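Colleague: Pasting a structure below so you can have a look.
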Amino acid sequence: MTMTSASIHDNALEKPKRDWVLVALWATLALIALIWVAPFVFIVFTSLKSNAAVMSSSAFAPPVDPKFANYSGAWDRGRFNTTFFNSVIITAIKVPLGLFISAMAAYALAKITFTGRKMLLLAILFGTMIPFQVMLAPLFTLVNSLHLIDTYPGVILPYLAFGIPYQVFILQSFFRGIPKELSEAARIDGASHFVIFRRIFLPVSLPVLAALLILDFVSTWNEFAMALVLLQDRDMWTLPLGLSAFQGQFSRDYGQLNAAIVMTVLPAAIVYLIFQRYFVSGLTSGAVKG
Amino acid sequence: MSTVQIRDARKFYGAHPVLHGVDIDIADGEFVILVGPSGCGKSTLLRMVAGLESITGGTISIDGRVVNGLEPKDRDIAMVFQNYALYPQMTVAQNMGFALELAGTAKDEIKRKVDYAAGILGLEPLLQRKPAQLSGGQRQRVAMGRAIVRDPKVFLFDEPLSNLDAKLRVKMRAEIKALHQRLKTTIVYVTHDQIEAMTMADKIVVMQGGQIEQIGTPLDLYDHPKNMFVAGFLGSPAMNFLEGVVVGHEDSACLDLGDAGRVPLAGRVRQAAGKRVIVGIRPEAIAIADTGGIPAEVLVVEPTGSETHLAVRLGGQEIVVVLRSRVSLAAGERVCLSLETASFHVFDSDTGERLQDG
């Protein structure tokens, strides 16, 4: 059987069939995105409404007369001058320091052979299994006995203690996946363990470090329970504690409350946007054949 | 001067022995290839020379200095890995200059050395690229460049060509050999590919089960294998082995192959009649006889262009014949084979060790 050139041409021009599975997947994705973004839209809209407007309009109705004064009101009422500053200090110290310590510990556990390595890893993993709520009372006693209540170290140190095991767990399994030839080549080139860690492993691990940084930033920034127990002086309060000032028994100002929530959430969103570009896969491609 | 001496080198992983006392002498500028099947301990031995594996027993000396306790960086060696192990976030130039940078070499000196190595390997246009932007062959060259820049006493290669496709492998084989002829640095090279060993080495060390089977020049091992393992490992297609019984004595000795008849062993073996032996015959030492010869049945015909490979059944045993000429044969046809008696290798059927002299 022969085919004329015209019929070949026609076949080539024929539209590819619509893939209904793909269409359904996209529709589901759009729906899920909508569900996720709905609370955020609700918060932003409400933050720009007066209390009366909140009561009289639908939750998802855009504000007719945007009330930006809610933000300045919330800033004062939540004492954001103080709480924002405290949150920045605590997060800016805890997050990078915790990641650095975790990464070094993970490197040692993954790449340096020493006796008791497995036991040490197990001990660290054990730390991820204890819910911190159980530890709140003993933690308070401990921090109090060290006279660190209402101080930055008093809250940063427990944050580090509860954050590091999880990060070590993630990072050491990532480091294990880095081909051993990379560190061996570096050893032959004359690199010490610290140089291998800093010059080879850290750059290769940027995507996972960025992911951990985002997660850790969000959880530290939003942490409430431990801060509530360990920071009793209002001048040491963090943002989430400041938010609680909006929850009076007889007063409800939904506009200001939501303005405060927006301001609290915003830094985390900005950090996410900055670091999400490091979520690129294949950063190790080209290192070894694979 | 850069010699390597390995004396009674042993390696245990826990109670499990991997190397059972290995002795190798490597002369200055020699290209030595450790070859053997997977798990024979060749890579472990190389890594022990590099300092990446501890040495359980024995000594390894480089240039007369025992290096057992030395860190890899202090052994003055450079290693090329099977998977290249290039630093992914660094450019080609940074990869090549990393060791010098760590050693505190001046920047212009690093640049001069990197440019020199890049010149040898044709890497100049790629110096600012990252490893991910290079092809397999180019990455392999960068890995070699990284080794050359350091100007070490000994180059160590751990199966450097295994990840390349067949054509590129042949090309890189020639490049590495040319590089050795140019630099004249001592090379210890590990491979499981006997063709790489045969084509590149000054000296081959055949290993099996953590032991050395034989050491010698490629052609020496090819012509005078010490045992059946070495005989079967080197050469492609592999040597044929025919089992039979010695009949007669001295000059009148023959090998009785059973159904296939008898082959003269004149002067090739000094074994008593009745002894069971295995005769090794290289595929190229068998020809199709015009008259006489041993009858055989053709099983498969594989023309490669330059030669023709025949799989034939001789008596009850299957063997391979390599013919330099083109033949028009088909499976199922019967042919008569003439065996080149002078190139027989006779082995003890129990121990696999070589029997005859010379």
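Colleague: If I filter region B:1-8 for residues that are without any contact (Cβ under 8 Å) to a residue 24 or more places away in the chain and in the same structural domain as B:GLN181 (by TED's automatic domain parsing), do I get at least one hit?
Modeller: So far as region B:1-8 goes, no, none of its residues is without any contact (Cβ under 8 Å) to a residue 24 or more places away in the chain and in the same structural domain as B:GLN181 (by TED's automatic domain parsing).
Colleague: Of the residues A:PHE80, A:PHE126, A:PHE68, only one is under 30 Å from A:ASP253 (Cα atoms), under 24 Å from the mean Cα position of the chain (by Cα) and hydrophobic (A, V, I, L, M, F, W, C); which?
Modeller: On the way: A:PHE126 fails: under 30 Å from A:ASP253 (Cα atoms); A:PHE68 fails: under 24 Å from the mean Cα position of the chain (by Cα).
Result: A:PHE80 is the single residue among A:PHE80, A:PHE126, A:PHE68 that is under 30 Å from A:ASP253 (Cα atoms), under 24 Å from the mean Cα position of the chain (by Cα) and hydrophobic (A, V, I, L, M, F, W, C).
Colleague: Turning to a different aspect of this structure: So, in region A:164-196, of the ones that are within 14 Å of chain B (Cβ to nearest Cβ) and over 24 Å from B:GLN82 (Cβ atoms), which residue ends up surrounded by the fewest Cβ atoms within 10 Å (Cβ to Cβ)? Talk me through it step by step, then tell me what you get.
Modeller: Step one: list which residues in region A:164-196 are within 14 Å of chain B (Cβ to nearest Cβ), which gives A:177-196.
Narrowing further to those that are over 24 Å from B:GLN82 (Cβ atoms): A:192, A:194.
On the way: A:SER192: 13, A:PHE194: 10.
Among those residues, the one meeting the criterion is A:PHE194.
Colleague: Considering region B:30-52 alone, what residues qualify as being part of a helix (DSSP H, G or I) and within 14 Å of chain A (Cβ to nearest Cβ)?
Modeller: B:SER43, B:THR44, B:LEU46, B:ARG47, B:MET48, B:VAL49, B:ALA50
Colleague: Going residue by residue through region B:94-117, is there one that turns out to be touching a residue at least 24 places away in the same chain (Cβ under 8 Å), among the aliphatic types (A, V, I, L, M) and outside any helix (DSSP H, G or I)?
Modeller: Within region B:94-117, none of the residues are touching a residue at least 24 places away in the same chain (Cβ under 8 Å), among the aliphatic types (A, V, I, L, M) and outside any helix (DSSP H, G or I).
Colleague: I'd like to verify a number: residues in region B:281-299 that are part of a strand (DSSP E or B) and either exposed (fewer than 13 other Cβ atoms within 10 Å of the Cβ) or assigned by TED's automatic domain parsing to the domain that holds B:TYR222 (or both), how many?
Modeller: The number of residues fulfilling the criteria is 0.
Colleague: Within 23 Å of B:ALA99 (Cβ to Cβ) and in the same structural domain as B:ASP8 (by TED's automatic domain parsing): which single residue out of B:ILE33, B:ILE24, B:ILE55, B:ILE60 fits that description?
Modeller: On inspection, the qualifying residue turns out to be B:ILE60.
Colleague: Run down B:THR217, B:THR191, B:THR199 and say which single residue is of a type in the set (Val, Ile, Thr), buried (at least 18 other Cβ atoms within 10 Å of the Cβ) and not assigned by TED's automatic domain parsing to the domain that holds B:GLY315.
Modeller: Residue meeting the stated conditions: B:THR191.
Colleague: Also, quick follow-up: Of all residues being assigned to a loop (DSSP other than H, G, I, E, B) and within 11 Å of chain A (Cβ to nearest Cβ) in region B:142-153, which is surrounded by the most Cβ atoms within 10 Å (Cβ to Cβ)? Just the residue, please.
Modeller: So, considering only residues that are assigned to a loop (DSSP other than H, G, I, E, B) and within 11 Å of chain A (Cβ to nearest Cβ), the one surrounded by the most Cβ atoms within 10 Å (Cβ to Cβ) is B:ARG150.
Colleague: Identify the single condition in (1) over 17 Å from A:THR82 (Cα atoms); (2) at pLDDT below 85; (3) surrounded by 15 or more Cβ atoms within 10 Å (Cβ to Cβ) that A:ALA245 does not satisfy, given that it satisfies every other one.
Modeller: Every condition holds for A:ALA245 apart from (1).
Colleague: Count, please, the residues in region B:96-130 that happen to be touching a Gly at 6+ places or on another chain (Cβ under 8 Å) and closer than 17 Å to A:ILE196 by Cβ.
Modeller: Final tally of qualifying residues: 3.
Colleague: Can you tell me how many residues in region B:154-172 are at the interface with another protein chain (Cβ under 10 Å from one of its Cβ atoms) and either under 28 Å from B:ASP28 (Cα atoms) or among the basic types (Lys, Arg) (or both)?
Modeller: Of the residues in that region, 3 qualify.
Colleague: Can you give me the number of residues within region A:137-172 that are in a helix (DSSP H, G or I), out of contact with any Phe, Trp or Tyr (no Cβ under 7 Å at 6 or more places or on another chain) and within 21 Å of A:PHE217 (Cα to Cα)?
Modeller: 20
Colleague: Okay, moving on. Do the conditions hold for B:GLY137, that is, is it more than 24 Å from B:GLY51 (Cα to Cα), more than 7 Å from chain A (Cβ to nearest Cβ) and either in a helix (DSSP H, G or I) or at pLDDT 95 or above (or both)?
Modeller: Spelling it out, B:GLY137 is indeed more than 24 Å from B:GLY51 (Cα to Cα), more than 7 Å from chain A (Cβ to nearest Cβ) and either in a helix (DSSP H, G or I) or at pLDDT 95 or above (or both).
Colleague: Inside region A:16-129, counting only helices (runs of 4 or more DSSP H) that do not spill past its ends, which hold 3 or more residues that are without any contact (Cβ under 8 Å) to a residue 40 or more places away in the chain, under 27 Å from A:VAL218 (Cβ atoms) and not small (Gly, Ala, Ser)?
Modeller: In region A:16-129, A:20-47, A:80-111 are the helices (runs of 4 or more DSSP H) which contain 3 or more residues that are without any contact (Cβ under 8 Å) to a residue 40 or more places away in the chain, under 27 Å from A:VAL218 (Cβ atoms) and not small (Gly, Ala, Ser).
Let's see how each residue does on (1) within 13 Å of another protein chain (Cβ to nearest Cβ); (2) buried (at least 20 other Cβ atoms within 10 Å of the Cβ); (3) within 18 Å of B:LYS153 (Cβ to Cβ); (4) at pLDDT below 95:
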| position | (1), (2), (3), (4) |
| --- | --- |
| B:SER54 | yes, no, no, yes |
| B:ASN68 | no, no, yes, yes |
| B:PRO72 | yes, yes, yes, yes |
| B:ARG75 | yes, yes, yes, yes |
| B:MET90 | yes, no, no, yes |
| B:GLY104 | yes, no, no, yes |
| B:ALA118 | no, yes, no, yes |
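Colleague: Please report, ordered by residue number, the helices (runs of 4 or more DSSP H) entirely within region B:154-271 with at least 2 residues that are touching a Leu at 6+ places or on another chain (Cβ under 6 Å) and within 24 Å of B:ILE319 (Cα to Cα).
Modeller: B:218-223
Colleague: A further question on this structure: So which residues in region A:105-148 are among the small types (Gly, Ala, Ser) and surrounded by 15 or more Cβ atoms within 10 Å (Cβ to Cβ)? First the steps, then the outcome.
Modeller: The first filter runs over region A:105-148 and keeps only residues among the small types (Gly, Ala, Ser), leaving A:105-106, A:108, A:110, A:116, A:123, A:127, A:137, A:145.
Within region A:105-148, A:ALA105, A:ALA106, A:ALA108, A:ALA110, A:GLY127 qualify.
Colleague: For region B:120-134, give me each residue that is away from chain A (no Cβ under 11 Å), touching a residue at least 12 places away in the same chain (Cβ under 8 Å) and either among the charged types (D, E, K, R) or exposed (fewer than 15 other Cβ atoms within 10 Å of the Cβ) (or both).
Modeller: Selection gives B:GLY122, B:GLN128.
Colleague: Here's something else I'd like to know. Mind listing whichever residues of region B:319-358 are among the aliphatic types (A, V, I, L, M), loosely packed, with under 11 Cβ neighbours inside 10 Å and under 16 Å from B:PRO303 (Cα atoms)? If you could, list the steps in order and put the result at the bottom.
Modeller: Residues of region B:319-358 among the aliphatic types (A, V, I, L, M): B:319-323, B:327, B:329-331, B:335, B:337, B:339, B:342, B:346, B:355.
From what's left, loosely packed, with under 11 Cβ neighbours inside 10 Å: B:330, B:342.
Result: B:ALA330, single match.
The values are calculated or read from the model by the stated rules, or taken from the named source; none is laboratory data. Keep in mind it's a predicted model, so treat the numbers as computed, not measured. Note: ideal-geometry Cβ built from the backbone for every residue, glycine included; neighbour counts use all protein chains shown.
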